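Notes to accompany the following structure.
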């Protein structure tokens, strides 16, 4: 027996089929979204976090390596700026320091360095030239001098003027300020200072090596 449906019945039937298929697709999609996809997303997130952790670790290691290399380079440059060890006789238990600055004329710095070399003295700058190790190295090499960089000494002896000459003995010290020669400084210390014999010995060394 044939059963005939009108247009309305067919339309209703088709709609019901489509709705059923739509609902089934939603169920499957929902199951997929909150099942497999969620698991995959979690795994992916874990992998991403692990990857980022590895990258961060590599960046930290690289930064440490760069810092170490930078420190080594800075130390080498600073060492080149420091004076080489000089032989001082055993009886010469004194220290002669000349506090200077890059604001002084180049010729004056060069002359002070050359004379101080003869008596084991040293030039002392407060800080780096233009806050740069490389600039300081270039500056010293250009003048053909060697010097200490020691801001603590400037504070310790309350240096407010350059050049300042300080002769330190076992128990006392002599100090003189002004733009004068090392020989003149030592002559004044020999005649009016506390360390007369020490200043005299240094003068003898200078004149002996100059003659």
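The figures follow:
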read-out	value
Computed label-point distance, nm, for sites residue 194 and residue 156 using a 7 Å Cα→Cβ extension	1.6
Calculated over the range 95-210: convex hull of Cα atoms, volume per residue (Å³)	99
Sorted by Cβ neighbour density within 10 Å, fewest at the top, the residues 183, 145	183, 145
Backbone N under 11 Å from the residue 144 label point (7 Å along Cα→Cβ), restricted to the range 112-138	114
Extension gain (nm, one decimal) between residue 118 and residue 205, 0.36 nm per residue minus Cα-Cα	30.6 nm
Packing-based exposure ordering (other Cβ within 10 Å, fewest first) of 104, 97	104, 97
Sorted by Cβ neighbour density within 10 Å, fewest at the top, the residues 174, 148	148, 174
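Read-outs: derived from the displayed coordinates by stated rules, not from any lab. The shown structure was predicted, so the numbers you read here are calculated from the model rather than taken from an experiment. Methodologically, a virtual Cβ is constructed for each residue, glycine included, from the backbone with ideal geometry; neighbour enumeration extends over all protein chains shown.
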